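As structure tokens, the structure follows; a few thoughts come after it.
The values are calculated or read from the model by the stated rules, or taken from the named source; none is laboratory data. Predicted model only: the values in this text are computed from it and were never measured. Positions of Cβ are backbone-derived with ideal geometry, glycine not excepted, and every protein chain shown enters the neighbour counts. Note: areas computed on protein heavy atoms with side chains; ligands, DNA, RNA excluded. Shrake-Rupley method; radii C 1.70, N 1.55, O 1.52, S 1.80 Å.
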Amino acid sequence: MAEKLHTEVRKDQFAQAALGLVATYGLKGLSVARVAHRVGVVPSAVYRHFTSKDELLDAVIGLIRDRLAQNVQKASQECKDALECLRRLLMLHAQLIRENQGVPRIVFSEEIFSGNPRRKVAVHEIVRGYLKHVAGMVKRGQAEGQIRNNLDPSTVSIMFLGLIQPAAILWQLSDGGIDVTKHAERAWQILADAIRKR
């Protein structure tokens, strides 16, 4: 059991290092040797857990999936009502991007999907799952009488995601030159005002 736990911790460590390297060097600059160097081990230690750079990229996508799921869970547990949960989730999403510049570089990279339709499906499933959770929060808000009942929760969930994605792209292109959190706060006020039941 301890060995399995150690293996999972080590895999997570390598995936996090790979995500950091993508942030710094892009996908072309990601290599097993660089991951090993960043973690402070020899490359053969990485190969004990991952057979290839491709498998390492799959682990990075799994790491992103897990972080998004953790954010959904955290927002759901910390808030009393649906609108506050949505705002909290948006702030956690902005924080994830701020602290992991590699996330938008992975999610928005055509290069990561080329020749790998399975990986494209995996990322699509992550986004669909995230949107489903957001739509669930919207439905909760409608049931609680906070959010207008004439709105389609799926559409609102896509609009919610749209609050952060353009800012994430601009943040990536400007190497952190815009304040993603401030943008998210301002954009949330507009969306909350539009969906709130009067």
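Things to note:
- Members of Lys74/Lys139; Lys120/Lys182; Lys80/Lys120; Lys80/Lys132; Lys11/Lys80 lying beyond 28 Å, as alpha-carbon distances in this model show: Lys120/Lys182; Lys80/Lys120; Lys11/Lys80
- Distance histogram in 10 Å bins (all Cα pairs of the range 113-166, percent per bin): 24, 40, 24, 10, 2
- Residue order by solvent-accessible surface for His93, His49 is His49, His93, largest first, with ligands and nucleic acids left out and a 1.4 Å probe.
- The chain: relative contact order in percent, alpha carbon pairs under 8 Å with at least 6 residues between: 21
- Adding -39500 (n - 2.57) for every DSSP H run of four residues or longer, then dividing by how many residues the chain holds, sets the calculated 222 nm ellipticity at -26000 deg cm²/dmol.
- Put a dot 7 Å past the Cα of Lys28, heading toward its Cβ, do the same for Glu144, and the two dots end up 4.8 nm apart.
- In this label model, Glu8 and Ser109 are separated by 2.7 nm, measuring between points 7 Å along each Cα→Cβ vector.
- Annotation: per residue accessible area for the chain equals 54 Å², rounded to a whole number [probe 1.4 Å, protein chains only].
- Near the amide H of Ile147, within less than 5 Å, lie the amide hydrogens of Gln142, Lys197, all on another chain or at least 5 residues away, with H placed in the peptide plane.
- Taking every alpha-carbon pair in the range 25-73 and binning the separations at 10 Å intervals from zero gives 25, 46, 24, 5 percent.
- Compactness of the chain is given as radius of gyration and Dmax, 18.4, 61 Å, from Cα positions.
- Charge tally around Cys85: other residues with Cβ under 11 Å, Lys/Arg +1 each, Asp/Glu -1 each, net +1.
- Surface composition of the chain: carbon and sulfur atoms hold 54% of the protein heavy-atom accessible area at a 1.4 Å probe.
- Mean Kyte hydropathy of -0.5 or more with a Cα span along the axis of at least 20 Å, helices from DSSP in the chain: 2-25, 53-78, 82-99, 117-143, 153-173, 180-195
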